[in-house]
1. Assess whether T149 counts as being among the hydroxyl-bearing types (S, T, Y), open to solvent by 10 Å² or more (accessible area, probe 1.4 Å) and in contact with a Pro (Cβ under 7 Å, 6 or more places away or on another chain).
2. When you scan the range 330-349, do you find a residue that is aromatic (F, W, Y) and assigned to a helix (DSSP H, G or I), even just one?
3. Going by what's in this entry, would A66 be described as more than 15 Å from the chain's Cα centre (by Cα), surrounded by 24 or more Cβ atoms within 10 Å (Cβ to Cβ) and more than 23 Å from E374 (Cβ to Cβ)?
4. Assuming S395 fulfils every condition listed in (1) at pLDDT 95 or above; (2) away from ligand 1 (no atom under 11 Å from the Cβ); (3) open to solvent by 10 Å² or more (accessible area, probe 1.4 Å) apart from one, which condition is it?
5. Being over 14 Å from the mean Cα position of the chain (by Cα), surrounded by fewer than 19 Cβ atoms within 10 Å (Cβ to Cβ) and either of a type in the set (A, V, I, L, M) or at positive phi (or both) is the filter here; which residues of the range 10-41 pass it?
6. Please enumerate the residues belonging to the range 369-400 that are in a strand (DSSP E or B), within 11 Å of ligand 2 (Cβ to nearest atom) and of a type in the set (A, V, I, L, M, F, W, C).
7. Would you mind listing the strands (runs of 3 or more DSSP E) fully within the range 197-279 where at least 3 residues are more than 16 Å from ligand 2 (Cβ to nearest atom) and in contact (Cβ under 8 Å) with a residue 24 or more places away in the chain?
8. What pairs come up if the first residue lies in the range 63-81 and is over 11 Å from A38 (Cα atoms) and acidic (D, E), the second is at pLDDT below 95 and open to solvent by less than 10 Å² (accessible area, probe 1.4 Å), and their beta carbons are under 8 Å apart, counting only those six or more places apart or on different chains?
Amino acid sequence: MLLGCIGDDFTGSSDIANTLAKRGMRVAQYTGVPARSASSDVEAGVVALKTRTEPVAEAVSKSLAAADWLLDQGCGQIVFKYCSTFDSTRQGNIGPVAQALAERLGEDRVIVCPAFPATGRSIYKGHLFVSDQLLSESGMRDHPLTPMTDSDIRRWLSHQTGWPVDHIDASTVFDGSDAIRAALAQPKRAMVVVDAIRDEDLVAIGKAAKDRKLLTGGSGIALGLPDNFADLIKGNDGATVWKGADGPAIVLSGSCSLATRGQVTHHIKSHPSLEIRVEALVSGEQTADSIASWLIEHQDHGPIAYSSADPGVVRQAQDLFGREASAEQVEATFVSVARKVVGSGIRKIITAGGETSGAVVEGLEINSLAIGPEIAPGVPAVHDPDQDLYLALKSGNFGQEDFFARAMTMLERGST
Ligand SMILES: Nc1ncnc2c1ncn2[C@@H]1O[C@H](COP(=O)(O)OP(=O)(O)O)[C@@H](O)[C@H]1O
Ligand SMILES: O=C(O)[C@@H](O)C(=O)COP(=O)(O)O
């Protein structure tokens with residue numbers, strides 16, 4: 001293994017796995033830290049954790065365990081992958097995890113770059129933009145667990161870490177990899193927020209980071225890395241081995257992000273739909289059994305069960321039952337539903353939302369995922385070879401309006 005990645009959620013992990021696979025590396029995505037060694041043909045290993053919203057100490061210890069396993073597999077460089085919208089609270093977890101990894105790896109200048117231009121995320125003057133909006137004015141200000149209320153990544157990160165926060169601005173980045181390498185080489189320990197607005201900026205940053213032991217960012221930070229291993233990688237045949245499967249596909253959507261809400265609205269116009277309500281789960285009016293039975297009944301028509309709701313509805317549930325408890329109730333329900341539908345023989349599941357996807361993948365006890373073709377920027381089709389399950393783990397804010405139907409087509413046998 002040449003390159004190791006630690007993803008703080010599961011959609012994000014498949015996002016960076018997709019980037020590396022598209023750029024020619026043999027990639028495997030693991031659910032948590034594997035108990036065994038990786039297969040010797042894996043060139044980039046992505047350890048998917050569900051640490052984005054966990055208590056800081058747990059996020060740090062799981063990330064360190066992932067780093068140790070990746071180092072044991074032979075990786076010389078590690079990427080800590082977090083969200084392109086820098087999803088975190090003032091307390092963390094991005095800063096504390098990045099700091100702990102840097103200390104473990106002996107890295108003193110840590111690149112911090114969530115940019116992902118293909119999905120509209122750019123960083124300029126240290127501020128994160130989502131398309132033409134500042135992060136804090138985008139839908140992310142209403143996120144159920146990590147509302148992003150400050151677009152200045154330098155300032156937000158400085159709440160989370162004791163390390164100084166430095167900045168490499170766009171004018172240096174536009175000068176290319178030598179200029180970036182020189183800026184990184186300053187003898188001053190720091191987290192270094194790096195501006196990037198175009199793919200070519202990220203490629204230059206990747207090239208400049210060739211000898212860095214640790215990088216952190218969104219999946220865009222991986223764009224330039226495979227080239228650094230050009231002499232060593234054998235190339236992958238990911239797209240050609242993708243087969244897909246016959247049979248029905250269902251959608252489980254727990255993301256309340258703007259893009260997902262639009263995709264749900266679009267999908268329910270022409271497919272059977274079941275809205276999951278937190279109050280109904282708490283009262284027992286809705287149960288995992290009733291939801292799974294409904295999905296199984298409608299399986300031939302692309303059904304969707306969703307808890308995705310507007311900020312007002314989410315707030316009401318959180319006021320009544322608590323923020324964490326509402327999320328746990330919804331996630332636990334999706335886990336039971338996924339187990340029941342898979343138990344009934346359904347092999348294709350599309351999940352929307354990072355926490356939601358993580359809960360489902362862990363709940364189904366999936367060990368590893370092979371990366372298939374891209375459905376939308378940042379979202380590949382994936383395959384669990386052990387249970388022969390086909391999935392798409394969609395990040396809350398990614399994907400076209402008709403993403404769910406597109407994903408169903410992509411998961412079909414013979415789709416590519
Ligand atoms: N109707 C709802 N009310 C309260 N919380 C909800 C509701 N629907 C989903 N959630 C929770 O909100 C969180 C959404 O996060 P996630 O799945 O990561 O989506 P995204 O990718 O958009 O961030 C999950 O923990 C989910 O369980
Ligand atoms: O970087 C991104 O935006 C995604 O890869 C990601 O991390 C997704 O997180 P969710 O929006 O919570 O699914």
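The values are calculated or read from the model by the stated rules, or taken from the named source; none is laboratory data. For clarity, every value in this text was computed on a predicted model and none was experimentally measured. Cβ: placed from backbone, ideal geometry, glycine included. Neighbour counts: every protein chain shown. Side chains included, ligands, DNA and RNA excluded: accessible areas come from the protein's heavy atoms. Shrake-Rupley method; radii C 1.70, N 1.55, O 1.52, S 1.80 Å.
1. So T149 does not fit the description; no.
2. yes
3. Considered against the rule, which asks whether it is more than 15 Å from the chain's Cα centre (by Cα), surrounded by 24 or more Cβ atoms within 10 Å (Cβ to Cβ) and more than 23 Å from E374 (Cβ to Cβ), A66 comes out as yes.
4. Result: S395 fails condition (2) only.
5. Within the range 10-41, G24, V33, A35 qualify.
6. Once the filter is applied, which keeps residues that are in a strand (DSSP E or B), within 11 Å of ligand 2 (Cβ to nearest atom) and of a type in the set (A, V, I, L, M, F, W, C), the range 369-400 yields V379, L393.
7. The qualifying strands (runs of 3 or more DSSP E) are 273-275.
8. Cβ pairs passing all conditions: none.
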